[in-house]
1. Run down Arg131, Arg126, Arg158 and say which single residue is closer than 24 Å to Arg87 by Cβ, of a type in the set (D, E, K, R) and assigned to a helix (DSSP H, G or I).
2. If I ask for residues that are part of a strand (DSSP E or B) and touching a helix residue (DSSP H, G or I) at 6+ places or on another chain (Cβ under 8 Å), which ones from the range 63-73 would you list?
3. Quickly run through the range 209-244 and pick out the residues that are touching an Asp or Glu at 6+ places or on another chain (Cβ under 8 Å), at pLDDT below 95, of a type outside the set (Ser, Thr, Tyr) and closer than 11 Å to Gly45 by Cβ.
4. Has the range 201-208 got at least one residue that is modelled with pLDDT of 95 or more and farther than 15 Å from Val94 by Cβ?
5. Looking at the range 221-234 only, could you name the residues that are open to solvent by 10 Å² or more (accessible area, probe 1.4 Å) and either of a type outside the set (S, T, N, Q) or outside any strand (DSSP E or B) (or both)?
6. Which one of these does Arg110 not meet: (1) closer than 18 Å to Ile195 by Cα; (2) more than 16 Å from ligand 2 (Cβ to nearest atom); (3) of a type outside the set (Val, Ile, Thr)?
7. Kindly provide the set of residues from the range 63-109 that are in contact with a strand residue (DSSP E or B) (Cβ under 9 Å, 6 or more places away or on another chain), surrounded by fewer than 17 Cβ atoms within 10 Å (Cβ to Cβ) and free of Cβ contacts under 8 Å to residues at least 60 places away in the same chain, ordered by number.
Amino acid sequence: APLLDVQELTRDYVSHTVFSSPHRHRALDSVSIRMEPASIFGLVGESGSGKSTLARIVAALDRPTSGKVMFDGDDLFALPARQLMRRRSAFQMVFQDPFGSLDPRQRIGRTVAEPLHALPAHLGRRQIEDRVAEVLESVGLSVDHTRRYPHEFSGGQRQRIAIARALVTEPKLVIADEPVSALDLSVQAQILNLIMDLRERRGVAFLFISHNLAAVDCIADTVGVMYGGRIVETGPADEVFRTP
Ligand code: ADP
Ligand code: ADP
């Protein structure tokens with residue numbers, strides 16, 4: 001069974017203005033994508049094509065106007081409110097600017113541990129510390145870093161911390177929205193290698209959103225091209241990027 005099965009997802013934004021009737025804008029138009037466990041799906045498309053809207057709905061941060069998101073056997077938006085809320089807080093996205101998810105006033109150990117508090121299982125202090133140490137090591141950092149603050153790290157290290165935070169609840173999928181776009185080229189390559197390595201070692205699937213076609217070509221198994229709220233092309237990276 002697929003890990004993620006997005007079925008005919010549509011999202012309308014309605015804007016209200018004082019002088020005219022409400023304007024309806026279709027940000028997603030019948031989008032369907034499928035992802036297998038431990039796969040990397042590259043979502044590309046120009047700015048405004050609907051990539052972030054799709055990502056936010058899969059992360060349960062937003063609701064579709066119509067359509068379905070099947071995740072690991074669950075019909076996401078048919079879950080009871082409490083379970084949906086729990087999933088939303090346990091599931092972390094990785095963004096272009098890791099400062100978006102790293103609280104500058106908080107030690108990174110605490111930031112990385114935060115999503116654990118949304119899990120149904122109540123972990124003890126020791127279990128939480130072990131889990132944080134383990135994910136920090138899996139992204140190339142160490143337990144010695146837990147008492148430091150975000151500003152003490154480089155951009156690439158902060159992105160590693162954001163990835164560790166996303167992994168701490170052991171999700172089967174991580175959504176990364178432009179995770180390398182703000183980084184220097186050599187650091188971009190390190191983060192791409194890390195993502196491929198995490199897929200290999202931990203079996204984590206990634207929904208990788210980027211306007212950087214070279215990055216997507218480098219790591220994605222399957223590519224989906226969005227335009228005007230639709231998926232206009234999808235297939236193996238080789239076909240999408242190299243078929244004339
Ligand atoms: P992308 O991530 O590909 O740049 P988005 O998903 O951010 O695209 O945007 C898709 C479309 O939906 C755009 O036309 C954008 O202006 C519109 N949109 C996005 N978020 C909102 C919102 N909160 N309210 C109204 N329109 C929005
Ligand atoms: P309750 O506390 O409401 O009786 P459970 O403790 O059995 O329910 O919660 C299990 C459900 O919560 C799962 O079926 C799942 O849908 C949801 N859930 C909890 N944690 C997560 C998570 N980290 N990721 C996804 N879903 C989660």
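The values are calculated or read from the model by the stated rules, or taken from the named source; none is laboratory data. Worth saying up front: this structure is predicted, and the values here are computed from it rather than measured. Reconstructed Cβ throughout: ideal geometry from the backbone, glycine too, with neighbour counts over all protein chains shown. All accessible areas refer to the heavy atoms of the entire protein, side chains included, with ligands and DNA or RNA removed. Shrake-Rupley method; radii C 1.70, N 1.55, O 1.52, S 1.80 Å.
1. Arg131
2. Listed by number, the residues that qualify are Lys68, Val69, Met70, Phe71.
3. His211
4. yes
5. Across the range 221-234, the qualifying residues are Asp221, Val225, Tyr227, Gly228, Arg230, Ile231, Val232, Glu233.
6. (1)
7. Arg63, Thr65, Ser66, Asp75, Phe77, Ala78, Gln83, listed by residue number.
Matching residues to (1) open to solvent by 10 Å² or more (accessible area, probe 1.4 Å); (2) small (Gly, Ala, Ser); (3) not in a helix (DSSP H, G or I):
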| residue | (1), (2), (3) |
| --- | --- |
| Ala176 | no, yes, yes |
| Val180 | no, no, yes |
| Leu183 | yes, no, yes |
| Gln188 | yes, no, no |
| Ile195 | no, no, no |
| Leu198 | no, no, no |
| Arg201 | yes, no, no |
| Phe208 | no, no, yes |
| His211 | yes, no, yes |
